[in-house]
1. Restricting things to alpha carbons, tell me how big the stretch B:83-215 is in terms of Rg and Dmax, in Å.
2. If you put a point 7 Å past Cα along the Cβ direction, how far is that point for residue B:190 from the same point in each other copy, in nm, smallest first?
3. Report, for residue B:145, each distance to the same residue's label point in the other copies, shortest first and in nm; define the point 7 Å along Cα→Cβ.
4. Could you work out the relative contact order of chain A, using alpha carbon pairs under 8 angstrom and six or more residues apart, expressed as a whole percent?
5. Could you work out the helix-only [θ] at 222 nm for chain B, with each DSSP H run of four or more residues adding -39,500 (n - 2.57) and the total divided by the number of residues, to the nearest 500 deg cm²/dmol?
6. Working from Cα positions, state the angle (0 to 90°, nearest 10) between the long axis of helix B:20-29 and the longest principal axis of chain B.
7. Can you tell me the orientation of helix A:115-129 relative to chain A, as the angle in degrees between its alpha-carbon axis and the longest Cα principal axis, to the nearest 10?
8. Using only the alpha-carbon atoms of the stretch A:145-215, report the extent along each of the three principal axes, biggest first, to the nearest angstrom.
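Derivation of every value follows stated rules applied to the coordinates shown; laboratory data play no part. Quick caveat: nothing in here was measured; it's all calculated off a predicted structure. Using ideal geometry, Cβ is built from the backbone for each residue, glycine included, and neighbour counts are taken over all protein chains shown.
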């Protein structure tokens, strides 16, 4: 991927990564992106699910979605994915931090009109979120496909930032008596709640248990 | 708060809320924001911690931060906070969804230069994240305050979106045999990991246990 001033970190360059393996691992561990664009000078940041296929991300939503309609014009966009790994509690307020992994990706989107390509992109998004689910469900019909907009966002340039590990305090603060360390954080799945209208005894699919391992 | 075309939902208006109580409850349950702005037409979306004080959000970071430097110019910005509550598994691919709460807030920022105000804003950010921590730690000294930029983001307009509850399938799909329901998701705290250089036996503060109740 290219590297320009858009993705050069001015601070703490040791936290920055530009290799595709690191970037893709973070994108694949996430499933929610925050998409940025602007209309008439006003920036918007909208949360949305996504899928990844190589250096492309797929976004989808209603055909009436303002965000997708604007992005489909090929305007410059930014897609950011952030994973929260923990709170870093230092002895000083100043050295408090967060353990996280994030990717900021720049590029432009185009609309996918071809139905098989659209169907494939929806499958990629679904599998990115819950691997195995797509084969279980009723696939979109022609009417649903028409009501759905699917965009292909080509990553032109991306950078990752990662902060891991314990607090790093000033040397003279290590004698201070307060608790210091990391509170690990993770998006965790609870017990699946079966829909009331489902036939009793329908087994919970194994891919729901795999979700936490994927994300 | 004002309401213009920026915050009018075109789709699913039943998911939209504009009352301050709903908006503030979501902002307070979150602690990570995605901040959007643009430089020379290029949008950026950057994750950052924040605190709330009435209709203002505080952001902070290094005095060398590009994001804070740009935002301090008073350029239009968007601050989005998203809480993930669950995956909604429907019988059809089309009706899959996510349970979530989100706020999209528009406004502009200004830099806080006054030291006591700056210190107060940092306390607000810290208390927003982990209530009780600030009183335990060494407060910022003059040098650290100087190395820190603190911005006050005035919310001019904001909207919330909330999706909760079970999948809503097409009536004819309810007879299909696959599992359907909700996989609840929550950002959960693990066991606090004490810093290796801390005196053994230092008690884990109670506010770490409160963190999950707050967020």
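1. Both quantities, over Cα of the stretch B:83-215: 22.0, 67 Å.
2. 2.2
3. Inter-copy label distances (nm, one decimal, shortest first): 6.4.
4. 27
5. -6000 deg cm²/dmol
6. 70
7. Value to nearest ten degrees: 40.
8. Per principal axis, max minus min of the Cα coordinates gives 62, 42, 19 Å.
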